[in-house]
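The values are calculated or read from the model by the stated rules, or taken from the named source; none is laboratory data. These numbers were taken from a predicted model, which means no experiment stands behind them. Reconstructed Cβ throughout: ideal geometry from the backbone, glycine too, with neighbour counts over all protein chains shown. The area values use the complete protein model at the heavy-atom level, side chains included, leaving out ligands, DNA and RNA. Shrake-Rupley method; radii C 1.70, N 1.55, O 1.52, S 1.80 Å.
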Amino acid sequence: MGMADTRFDTRRRRLASELAAQRIDDMLVTNLIHVRYLSGFSGSNGALLVSKDRTAAIATDGRYLSQVAREVPDIEATITREVATSLVGTVTEGHRVGYEADYVSVNQLHALEKACPEGVTLVPVSGIIEDIRLVKDELELTRLTKVAQLGVRALEGLVDSGELRAGRTEREVAADLEYRMRILGSERVSFDTIVASGPNSALPHYGAGDRVLADGDLVTIDFGAHRLGFNSDMTRTFAIGEPSAQLREIYDVVLEAQLAGVKAAVPGAKLVEVDKVCRDIIEQAGYGEYFVHSTGHGVGLEVHEAPSAARTGTGELREGMTLTIEPGIYVPVVGGVRIEDTLIITSGAPRVITEWPKDLRIL
């Protein structure tokens, strides 16, 4: 068996020991991200049953017959449309079976209850697999680094070729950037590309519309690529022509906060403190009310995952975690700035994998 198999087996073993500790006999995994994390299967319909005795079963439908054999050579697959209920039906009588409470709908739960053998108890479970996913292994970190570099190269190409300029629409710029990512090997975008210009830059989760870029605009570009299961996430804000003094000031404050946040992201740092470092700088500059989201999040198989650097953030950073640092200031009508990097937490200073200049570029 290849290296991949031992990696998935190791993850399932960690889950099995967690289950045993919580007096759960089997865990039904239905979230496709978690199915992939624990088995390697990347199809769009699948479920996995992991038992505390370290055995596992997988189910998918006929479309994935050869794919599941290739991706999951170490687990016998059941081929059926009804993946979750068929796995639950095989559980030993009297077992306690965990299900993913955060991802199972009310109707799915009713179907599982009906499919359960005599005396089987369904137990809602939350957060176990997410906790195991927090610290990334070497292969994950390598893939995250490569897809982050792909994103950087795409943005560099966009700027160097003059595609980001006055007279073009936000949508055209977004399309060019996405095309460049595709050509470089991205399978899809990791989220809808944001190209927010002028007053639109004051909307943190704007998309990309028909507005034409104009002189004096700030343009915030937040984008990500997806490759081999992993996502990238970065943001840079550019000026089209000379920006106003206020926009320059906002840019400088955000950059100062971003650099301080990166510096604070070391093992043992409390996530709430990393958020506070950025927030304090923005508040001291008088823009506190305009920083309307949290400082950052983990990146992995999902583009937004644990941990969370926020006012509500819990726990602390550990080596091998990922974290974005993305403070922003959004002044309605005037415009806004966000600068974002993705970091890997190491034993020393964090490794920035979206390495690209952050001083204000005037195009």
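Does Ser244 satisfy being of a type in the set (S, T, N, Q) and open to solvent by 10 Å² or more (accessible area, probe 1.4 Å)?
For Ser244, the condition - of a type in the set (S, T, N, Q) and open to solvent by 10 Å² or more (accessible area, probe 1.4 Å) - is met.
Those residues that are of a type outside the set (A, V, I, L, M, F, W, C) and open to solvent by 10 Å² or more (accessible area, probe 1.4 Å), I need them from segment 27-42; list them, please.
Thr30, Asn31, Arg36, Gly40, Ser42
Considering only residues that are in a loop (DSSP other than H, G, I, E, B) and without any contact (Cβ under 8 Å) to a residue 12 or more places away in the chain, which ones fall in segment 48-81?
Listed by number, the list holds a single entry, Thr55.
Going by the structure shown, is Ala239 surrounded by fewer than 24 Cβ atoms within 10 Å (Cβ to Cβ) and either at pLDDT 95 or above or part of a helix (DSSP H, G or I) (or both)?
yes
Test of understanding: among Ala69, Ala77, Ala16, Ala57, which residue is open to solvent by 20 Å² or more (accessible area, probe 1.4 Å), closer than 24 Å to Asp131 by Cα and either of a type in the set (Gly, Ala, Ser) or assigned by the TED database to the domain that holds Leu141 (or both)?
Of Ala69, Ala77, Ala16, Ala57, the one residue that is open to solvent by 20 Å² or more (accessible area, probe 1.4 Å), closer than 24 Å to Asp131 by Cα and either of a type in the set (Gly, Ala, Ser) or assigned by the TED database to the domain that holds Leu141 (or both) is Ala57.
Can you name every residue in segment 253-264 that is touching a residue at least 40 places away in the same chain (Cβ under 8 Å) and either charged (D, E, K, R) or in contact with a helix residue (DSSP H, G or I) (Cβ under 9 Å, 6 or more places away or on another chain) (or both)?
Val253, Val254, Ala257, Gln258, Gly261, Lys263
For a quick check of your reading of the model, give me the residue pairs whose first member lies in segment 14-29 and is on the phi > 0 side of the Ramachandran plot, whose second is of a type in the set (Lys, Arg) and in a strand (DSSP E or B), with beta-carbon atoms closer than 7 Å and at least 6 apart or on different chains.
Once the first residue is on the phi > 0 side of the Ramachandran plot and sits in segment 14-29, its partners that are of a type in the set (Lys, Arg) and in a strand (DSSP E or B) give Arg23/Arg96.
Which one of these is under 25 Å from the mean Cα position of the chain (by Cα) and farther than 21 Å from Lys358 by Cα: Glu273, Glu256?
Going through Glu273, Glu256 in turn, just one is under 25 Å from the mean Cα position of the chain (by Cα) and farther than 21 Å from Lys358 by Cα: Glu273.
Given the criteria modelled with pLDDT of 95 or more, of a type outside the set (Asp, Glu), in a loop (DSSP other than H, G, I, E, B) and under 20 Å from Gly335 (Cβ atoms), does Gly268 qualify?
So Gly268 does not fit the description; no.
Out of Pro332, Pro267, Pro327, report the one residue that is touching a residue at least 60 places away in the same chain (Cβ under 8 Å) and open to solvent by less than 20 Å² (accessible area, probe 1.4 Å).
Just a single option satisfies the conditions, and that option is Pro327.
For segment 308-316, check the following and say yes or no: at least one residue is surrounded by fewer than 24 Cβ atoms within 10 Å (Cβ to Cβ) and in contact (Cβ under 8 Å) with a residue 60 or more places away in the chain.
Within segment 308-316, none of the residues are surrounded by fewer than 24 Cβ atoms within 10 Å (Cβ to Cβ) and in contact (Cβ under 8 Å) with a residue 60 or more places away in the chain.
Going by the conditions given, is Glu273 within 23 Å of Val333 (Cα to Cα) and open to solvent by 20 Å² or more (accessible area, probe 1.4 Å)?
Spelling it out, it is not the case that Glu273 is within 23 Å of Val333 (Cα to Cα) and open to solvent by 20 Å² or more (accessible area, probe 1.4 Å).
Based on what the data block shows, is Asp341 over 24 Å from Ile129 (Cβ atoms), open to solvent by 10 Å² or more (accessible area, probe 1.4 Å) and touching a helix residue (DSSP H, G or I) at 6+ places or on another chain (Cβ under 9 Å)?
no
Failed condition for Ala214, given (1) of a type outside the set (D, E, K, R); (2) touching a strand residue (DSSP E or B) at 6+ places or on another chain (Cβ under 6 Å); (3) within 27 Å of Glu242 (Cβ to Cβ), with all others met?
Unmet condition: (2).
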